[in-house]
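The values are calculated or read from the model by the stated rules, or taken from the named source; none is laboratory data. These numbers were taken from a predicted model, which means no experiment stands behind them. Every residue, glycine among them, receives a Cβ derived from its backbone with ideal geometry; neighbour counts consider all protein chains shown.
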Ligand SMILES: NCc1[nH]cc(CCC(=O)O)c1CC(=O)O
């Protein structure tokens, strides 16, 4: 084993420039500095395509590593050594030569309802007919439509601050955001209602950070081990395997929930049609050491139950736009 604490080197960390990305990256840097005071950690920021294209609905752009590509090029050219991502923004298939080197301890992976002053007395089930909900996630859209068909949904893009500003300017009655993002930005006071998994299953990887690095870079992998959370990692592997085997990126109505008890990992997954009328959901448990296989098995089971058909329709619809 390499003795990383005797390593005299600089490790360069790549990050997007958004406020959330920077908070996450500097948290990773500070944690690693505690474990490895003799290593010099530097942050390099980069703009990704996803940060530049703000006027097109995410679902139409598709999932091609929109928020990760520039950072990946930086790792392969050795400009940076690893990149910190919101795990849910990291595609399930990584470029050759790169790997998911670390999954950090997950915070609450749920979605939150955020309202403006006008709707401060409302909850999801008391918002009136026609209330306008802002979300650009097909997963949130399909599940909420399924449970609340009387609500109206409208796309919302931009970083968290931009979205909140649009909500407060009453372009929407409410918007849906990840609990995790609001917490990390110090905006927990905007969490009006935590949406339970019975209503909305979260995105694959939501609430955890995923650290991507070069395959076989043993020094960096050894350093990253200090931040690895085993439960979060096994859950993430099951969730990512499920998504990969349904061939869905982050822009499809696929949601999950996972838990670990002892050595048993339980994975719930769902696929829904965009109108919310069809929603296929199932659960599988198994040995956590077989997390990846659990994801494959659940994907196969949902396909047998009709998920493939729903996804094919959605891909055709997105293509046409
Ligand atoms: N797609 C944007 C994105 N990517 C990561 C988070 C924060 C939550 C997380 O880390 O899972 C968000 C914002 C949101 O979905 O509200």
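Sort through 23, 28 and tell me the only one that's in the same structural domain as residue 67 (by TED's automatic domain parsing), touching a helix residue (DSSP H, G or I) at 6+ places or on another chain (Cβ under 6 Å) and touching a residue at least 60 places away in the same chain (Cβ under 8 Å). Exactly one of 23, 28 is in the same structural domain as residue 67 (by TED's automatic domain parsing), touching a helix residue (DSSP H, G or I) at 6+ places or on another chain (Cβ under 6 Å) and touching a residue at least 60 places away in the same chain (Cβ under 8 Å), namely 23. Here 320, 278 are screened, and the one residue that is closer than 21 Å to residue 136 by Cα, without any contact (Cβ under 8 Å) to a residue 40 or more places away in the chain and surrounded by 16 or more Cβ atoms within 10 Å (Cβ to Cβ) is 278.
In segment 211-226, the condition of being part of a loop (DSSP other than H, G, I, E, B) and within 16 Å of the ligand (Cβ to nearest atom) is met by no residue. Criterion first (crowded, with 20+ Cβ neighbours inside 10 Å, modelled with pLDDT of 95 or more, in the same structural domain as residue 100 (by TED's automatic domain parsing) and away from the ligand (no atom under 14 Å from the Cβ)) does residue 265 satisfy it? No, not satisfied. Identify the residue in segment 161-173 that is within 13 Å of the ligand (Cβ to nearest atom) and surrounded by 18 or more Cβ atoms within 10 Å (Cβ to Cβ) and, among all such residues, is farthest from residue 119 (Cα to Cα). Among residues in segment 161-173 that are within 13 Å of the ligand (Cβ to nearest atom) and surrounded by 18 or more Cβ atoms within 10 Å (Cβ to Cβ), the one farthest from residue 119 (Cα to Cα) is 163. The test for being closer than 26 Å to residue 256 by Cα and at pLDDT 95 or above holds for residue 174. Does segment 233-253 contain any residue that is in contact with a helix residue (DSSP H, G or I) (Cβ under 9 Å, 6 or more places away or on another chain) and farther than 30 Å from residue 74 by Cβ? Within segment 233-253, one or more residues are in contact with a helix residue (DSSP H, G or I) (Cβ under 9 Å, 6 or more places away or on another chain) and farther than 30 Å from residue 74 by Cβ. In segment 83-105, the qualifying residues are those that are surrounded by fewer than 24 Cβ atoms within 10 Å (Cβ to Cβ) and under 17 Å from residue 223 (Cα atoms), and the one that is farthest from the chain's Cα centre (by Cα) is 98.
Restricting attention to segment 177-190, and to residues there that are over 13 Å from residue 109 (Cα atoms) and within 12 Å of the ligand (Cβ to nearest atom), which single residue is surrounded by the most Cβ atoms within 10 Å (Cβ to Cβ)? Among those that are over 13 Å from residue 109 (Cα atoms) and within 12 Å of the ligand (Cβ to nearest atom), it is 185. Only one of the numbered conditions (1) within 16 Å of the ligand (Cβ to nearest atom); (2) over 30 Å from residue 10 (Cβ atoms); (3) crowded, with 19+ Cβ neighbours inside 10 Å is not met by residue 205, and that is (2).
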